[in-house]
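K.L.:
Take a look at this one; I'll ask things after.
The values are calculated or read from the model by the stated rules, or taken from the named source; none is laboratory data. Since this is a predicted model, take the numbers as computed values, not measurements. Neighbour counts are summed over all protein chains in view; Cβ atoms, including those assigned to glycine, are modelled from backbone coordinates with ideal geometry. The protein model used for the area step is the full one, side chains on, heavy atoms only, and it has no ligands, DNA or RNA in it. Shrake-Rupley method; radii C 1.70, N 1.55, O 1.52, S 1.80 Å.
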Amino acid sequence: SLYSIFTVLLIYFTCISTVQTTDCLHLREQCINAGNGCESVWNVVEDTCNISVLGNRCKAEDTVGCNRIIQVLADEYPEFKNCVCTTDDICSIKTLLGKWCGINKDNISTETKLQWGLSALSKQAYTTNRSCLDVNRECVEDEVCNKQLSLYLKVCSVNKCNVEGCQAAIRFFYGNMPFEVAQMMIFCDCIQHDESCHRAKELLHGKSCAVTVVPPPSCLNVIHMCEENELCRKKYTTFQSKCWRHVTKKCYSDEACLETLIKDDMPCSANADCKAAYISNWGTMLHMECTCQNLPPMEQPLCELFHHMLHSKSCFS
């Protein structure tokens with residue numbers, strides 16, 4: 001049942017055994033040295049579960065994403081199944097990681113960024129209007145990029161799509177690569193009838209698993225859900241301040257005030273800070289496709305404003 005899945009993976013309380021911790025630490029060492037993709041999944045676990053935010057000691061900010069990616073790890077590499085509680089007891093991430101929770105989580109991102117430093121792609125300057133098919137091909141041919149892309153696609157597989165796990169993988173993939181490479185991948189595009197290019201774009205952008213939902217949520221619901229999630233709320237606040245200063249200066253999050261704004265009179269800053277904030281939204285619900293169809297007429301203007309802010313091409317074209 002859904003209840004038992006969540007109780008298996010909930011991470012704030014303890015049900016830890018010394019023997020299991022030792023075994024799981026040994027498995028971690030095997031995982032990062034195996035050369036079979038396990039290390040990449042483990043890196044996403046570490047990044048998503050915020051190991052270890054100062055003072056938190058393995059307390060995840062994004063609880064749901066952390067739970068999901070741990071399950072992905074156990075599903076992909078069954079040797080880890082004994083490292084998550086299999087009873088109905090409420091478990092802790094410490095069951096998986098034990099005393100290893102004391103490590104500095106910045107090491108994971110730092111190591112990934114050092115690897116990107118060896119990539120030929122990281123030396124390229126960003127140019128606009130790149131074909132997603134060309135960008136995808138260049139990534140696959142680059143050893144560092146292909147390694148990171150392979151994990152991301154493995155977690156975001158359509159056949160066993162796990163939205164929260166895929167979102168976590170997207171955040172790790174785009175959040176740890178050089179800014180120039182992230183721009184190249186995120187702002188690539190395709191001509192209308194180039195099917196191969198559109199398939200490459202869907203893969204690079206995680207559309208089939210983490211972006212396109214049927215039926216699509218309303219953009220109003222996306223913003224409201226985001227504001228209830230700490231991780232998403234921080235990213236949305238930064239995105240507003242970096243890209244839509246006119247909105248934050250006048251209204252902040254006052255919806256009555258926002259309804260008075262006209263999207264054509266809303267300039268987007270479109271600078272490097274804005275692009276970085278937009279890229280940071282990827283892997284959150286702000287990245288999901290949303291709609292303003294079938295809403296009451298009174299809600300349409302605000303919904304269209306949010307849609308314009310989240311998905312307008314004018315900011316980056």
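K.L.:
Give me the percent of the accessible area of region 213-316 that comes from carbon and sulfur atoms, probe 1.4 Å, all protein chains in place. Working shown, then result.
P.N.:
Working: 2910 of 5460 Å².
C and S atoms contribute 53 percent here.
K.L.:
List every residue whose amide H lies under 5 Å from the amide H of residue 291, counting only residues 5 or more places away in sequence or on a different chain, with H placed 1.01 Å from N in the peptide plane.
P.N.:
218, 219
K.L.:
Which value does Rg/Rh take for region 213-316 over its C-alpha atoms, Rh per Kirkwood?
P.N.:
That ratio is 0.93, to two decimals.
K.L.:
Given the Cα-Cα distance of residue 193 and residue 125 and 0.36 nm per residue of separation, how much length would full extension add, in nm?
P.N.:
Gain on extension, residue 193 to residue 125, equals 21.7 nm.
K.L.:
Additional query: Describe numerically, in nm with one decimal, the distance between label points set 7 Å from Cα along Cα→Cβ at residue 294 and at residue 179.
P.N.:
Each label point lies 7 Å from its Cα, and together they span 4.1 nm.
K.L.:
Of 207/275; 123/275; 81/275, which pairs sit farther than 31 Å apart, going by alpha carbon to alpha carbon? Can you show the working numbers first?
P.N.:
Numbers: 207/275 19 Å; 123/275 19 Å; 81/275 39 Å.
Those over the limit are 81/275.
K.L.:
Taking R0 as 51 Å, what FRET efficiency do you get between residue 36 and residue 269 from their Cβ-Cβ distance, rounded to the nearest 0.05?
P.N.:
So, using R0 = 51 Å, E works out to roughly 0.70.
K.L.:
A follow-up question, please. First select every other residue whose beta carbon is under 15 angstrom from the beta carbon of residue 199; then total the charges, Lys and Arg +1, Asp and Glu -1.
P.N.:
-2
K.L.:
Okay, moving on. So, with a 1.4 angstrom probe, what is the percent of accessible area on region 119-212 that is carbon and sulfur?
P.N.:
Values: 2120 of 4300 Å².
Of all accessible area on region 119-212, carbon and sulfur atoms account for 49 percent.
K.L.:
With r as the distance between the Cβ atoms of residue 225 and residue 143 and R0 = 41 Å, compute the FRET efficiency 1/(1 + (r/R0)^6) and round to 0.05.
P.N.:
Using R0 = 41 Å, I get an efficiency of 0.60.
K.L.:
Okay, next question. Enter the accessible area per residue of region 119-212 (Å², integer; probe 1.4 Å; all protein chains in place).
P.N.:
Per residue, region 119-212 has an accessible area of 46 Å².
K.L.:
So between residue 256 and residue 313, what do we pick up on full extension, going 0.36 nm a residue minus the alpha carbon distance?
P.N.:
Working it through step by step, the gained length comes to 18.0 nm.
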